[in-house]
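Novice: What follows is a single structure, and I will ask about it in a moment.
The values are calculated or read from the model by the stated rules, or taken from the named source; none is laboratory data. Keep in mind that what you see is a predicted model, and the values were worked out from it rather than measured. Reconstructed Cβ throughout: ideal geometry from the backbone, glycine too, with neighbour counts over all protein chains shown. For accessibility, only protein heavy atoms count, side chains too; no ligands or nucleic acids. Shrake-Rupley method; radii C 1.70, N 1.55, O 1.52, S 1.80 Å.
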Amino acid sequence: MLFDVERVRKDFPILNQRVHGNPLVYLDNAATSQKPRVVLEAMKRYYETVNSNVHRGVHYLSEQATADYEHARTKVQRFINAPHVHEVVFVRGTTEGINLVAQSYGRKNVEKGDEVLISGLEHHSNIVPWQILCDEKGARLRIVPINDSGEIVLEEYEKLLNNKTKIVSLGHVSNALGTVNPIKRMIATAHRFGIPVLIDGAQGVPHMKVDVQDLNADFYVFSGHKMFGPTGIGILYGKTEFLDAMPPFQGGGDMIKSVTFEKTVYNDLPYKFEAGTPNIEGAIGMGAAIDYLHEFDWNSVSAYEADLLSYATDSVSVVKKLRLVGTAAEKAGVLSFVIDGVHPHDVGTILDREGIAIRTGHHCAQPVMQRFGVPATARASFAFYNMKSEVDTLVKALYKVNEVFG
Ligand code: 7TS
């Protein structure tokens, strides 16, 4: 079945508008994706007909809200092929998921002199939580280097794994460069040393089918808002053996079975990690986004996206003084670049006047910028609703940038 982008675009009301008098060209999908109508309607329907707190009331609406919330969890379970529904924990997003593992698993298992291993490609949210942990424990954060194309150097990775390494935490896809990491292979390598692996899937799930069992990931985290769902909701998937042994991250309602002033008995998974009233409408919206994604043939989507990225790569490469940052063999969704003599923010501002939304800056990945010797890049990031004609608009606007800056 061929992917029909014109039809898909009709599902996203926000795309059909003009910005500064020009048709909106939204190329900031790595920051957040747009939402299809079915997601917006699911959340509206929830507030208009069901709104109530979950897991508490015996009344009709509370039971309905609980059923909808838990149904969303089973949708996530199927979406990532998790073996058990209790392995799916609702969190605020990728950032909270990583902090949860660092604070709960990390504080319990990482001691003075131990090591935590990440790569040189990580988003700040997969760096700073581990730094906080290592600082507290007197442990060492070690970094797998990346090569000039923006790929993890696998030989170095293997050399860095040792009996002091307590956890490995890796991005699935780099938000700054678009590199797709060979995580299945890297997980298998870490497992040979008996080391668990967390995958930051924030930029993975919007572009590819993820099967946590096939990957054999011990933890996999992602955000709803980057996969066409709402903000403020995300997922921590963890294998039962790890989640069961981990202490709670936050205390409060819902995460307990019983409380006295002397002793509290914690709830079962996943509720042990869901203290307080959760983001109910967020979970429901995320479930609706998953239903929406299920309608697609992912082979066609992947082929469409790969073709679009390759077209964009070729098209921008002819722009004078433009240099791509990140040229990995395996890439998804992201085109980062600099134009010699022009600050990326100026590129962004000129493009904005043409109705084009891109991100400029360090993309919360300052170590990646340092590795490539640039303070910032301009980044166009794609979703399956983007079109080649939008790439053409981008390229035309980049010519304009060169005209302005001579
Ligand atoms: N990990 C990666 C790889 C990301 O790209 C992001 C967000 C996060 C973690 C954090 O996700 P959050 O939903 O908890 O904020 N990346 C970006 C970006 O590239 N531009 O804005 C946010």
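Novice: Check the stretch 199-207 and report whether any residue there is over 21 Å from the mean Cα position of the chain (by Cα) and either charged (D, E, K, R) or part of a loop (DSSP other than H, G, I, E, B) (or both).
Specialist: The answer is no, given that none of the residues of the stretch 199-207 is over 21 Å from the mean Cα position of the chain (by Cα) and either charged (D, E, K, R) or part of a loop (DSSP other than H, G, I, E, B) (or both).
Novice: Further, regarding this structure: What residue, of Gly282, Gly251, is in contact (Cβ under 8 Å) with a residue 24 or more places away in the chain and assigned to a helix (DSSP H, G or I)?
Specialist: None of the other options fit; the residue is Gly282.
Novice: Something else now. Counting only residues that are more than 17 Å from the chain's Cα centre (by Cα) and either under 18 Å from Thr327 (Cα atoms) or in contact (Cβ under 8 Å) with a residue 40 or more places away in the chain (or both), how many does the stretch 376-394 have?
Specialist: Counting residues in the stretch 376-394 that are more than 17 Å from the chain's Cα centre (by Cα) and either under 18 Å from Thr327 (Cα atoms) or in contact (Cβ under 8 Å) with a residue 40 or more places away in the chain (or both) gives 12.
Novice: Related question: Under the condition of being open to solvent by 30 Å² or more (accessible area, probe 1.4 Å) and over 19 Å from Ala102 (Cβ atoms), which residue from the stretch 155-164 is farthest from the ligand (Cβ to nearest atom)?
Specialist: Asn163
Novice: Can you go through Thr165, Thr74, Thr94 and tell me which one is under 22 Å from Glu241 (Cα atoms), hydroxyl-bearing (Ser, Thr, Tyr) and in contact with a Ser or Thr (Cβ under 6 Å, 6 or more places away or on another chain)?
Specialist: None of the others qualify; the one that does is Thr94.
Novice: Residues in the stretch 290-317 that are of a type in the set (Val, Ile, Thr), open to solvent by 20 Å² or more (accessible area, probe 1.4 Å) and within 14 Å of Pro206 (Cα to Cα): how many?
Specialist: 0
Novice: Could you please tell me which pairs satisfy a Cβ distance under 6 Å, a separation of 6+ or placement on different chains, a first residue in the stretch 310-329 that is closer than 13 Å to Val347 by Cβ, and a second residue that is assigned to a loop (DSSP other than H, G, I, E, B)?
Specialist: That search, which allows pairs on different chains as well, returns Lys321/Asp340.
Novice: Just to be sure before I move on: is Ile167 touching a helix residue (DSSP H, G or I) at 6+ places or on another chain (Cβ under 9 Å), under 27 Å from Tyr271 (Cα atoms) and more than 13 Å from the ligand (Cβ to nearest atom) in the structure I sent?
Specialist: Yes, satisfied.
Novice: I've got another one for you. Could you check how many residues of the stretch 2-43 are in a loop (DSSP other than H, G, I, E, B) and away from the ligand (no atom under 16 Å from the Cβ)?
Specialist: 12
Novice: Suppose we filter the stretch 76-102 for residues that are buried (at least 21 other Cβ atoms within 10 Å of the Cβ) and more than 14 Å from the ligand (Cβ to nearest atom); how many remain?
Specialist: Qualifying residue count for the region: 7.
Novice: While we're looking at this one, here's another question. Please work out which one of (1) surrounded by 15 or more Cβ atoms within 10 Å (Cβ to Cβ); (2) more than 30 Å from Ala365 (Cα to Cα) is the condition Lys10 fails and give its number.
Specialist: (1)
Novice: Tell me the residue from Gly238, Gly232, Gly224 that is within 16 Å of the ligand (Cβ to nearest atom), small (Gly, Ala, Ser) and buried (at least 24 other Cβ atoms within 10 Å of the Cβ), please.
Specialist: Gly224
Novice: Further question on the same structure: Among the residues of the stretch 248-275, write down those that are within 23 Å of His84 (Cβ to Cβ) and either loosely packed, with under 12 Cβ neighbours inside 10 Å or in contact with a Pro (Cβ under 8 Å, 6 or more places away or on another chain) (or both).
Specialist: Asp254, Met255, Lys257, Val265, Tyr266, Asp268, Lys272, Phe273, Ala275
Novice: OK, next. For the stretch 44-65, name all the residues that are part of a helix (DSSP H, G or I) and either buried (at least 18 other Cβ atoms within 10 Å of the Cβ) or of a type in the set (Lys, Arg) (or both).
Specialist: Hits for the stretch 44-65 are Lys44, Arg45, Tyr46, Val50, Ala65.
Novice: Kindly check whether there is at least one residue in the stretch 104-126 that is within 13 Å of the ligand (Cβ to nearest atom), β-branched (Val, Ile, Thr) and open to solvent by 10 Å² or more (accessible area, probe 1.4 Å).
Specialist: Scanning the stretch 104-126, I find no residue that is within 13 Å of the ligand (Cβ to nearest atom), β-branched (Val, Ile, Thr) and open to solvent by 10 Å² or more (accessible area, probe 1.4 Å), so the answer is no.
Novice: Pairs only if they're at least six apart or on different chains, beta carbon under 8 angstrom, first in the stretch 352-365 and among the hydroxyl-bearing types (Ser, Thr, Tyr), second surrounded by fewer than 19 Cβ atoms within 10 Å (Cβ to Cβ); list them, first residue then second.
Specialist: Short answer, once both residue conditions are applied: Thr360/His345.
Novice: I've got another one for you. Can you go through Asp211, Asp244 and tell me which one is at pLDDT 95 or above, away from the ligand (no atom under 15 Å from the Cβ), among the acidic types (Asp, Glu) and closer than 23 Å to Asp114 by Cβ?
Specialist: Exactly one of Asp211, Asp244 is at pLDDT 95 or above, away from the ligand (no atom under 15 Å from the Cβ), among the acidic types (Asp, Glu) and closer than 23 Å to Asp114 by Cβ, namely Asp244.
Novice: Would you confirm whether any residue within the stretch 137-154 is within 16 Å of the ligand (Cβ to nearest atom) and closer than 20 Å to Gly238 by Cβ?
Specialist: Looking through the stretch 137-154, none of the residues is within 16 Å of the ligand (Cβ to nearest atom) and closer than 20 Å to Gly238 by Cβ.
Novice: Within the stretch 67-179, considering only helices (runs of 4 or more DSSP H) that don't extend past its boundaries, which have at least 2 residues that are of a type in the set (Gly, Ala, Ser)?
Specialist: Because the criterion is at least 2 residues that are of a type in the set (Gly, Ala, Ser), no helices (runs of 4 or more DSSP H) in the stretch 67-179 meet it.
Novice: For the stretch 337-349, what are the residues that are over 13 Å from Val325 (Cβ atoms) and surrounded by fewer than 18 Cβ atoms within 10 Å (Cβ to Cβ)?
Specialist: Listed by number, the residues that qualify are Gly341, His343, His345, Asp346, Thr349.
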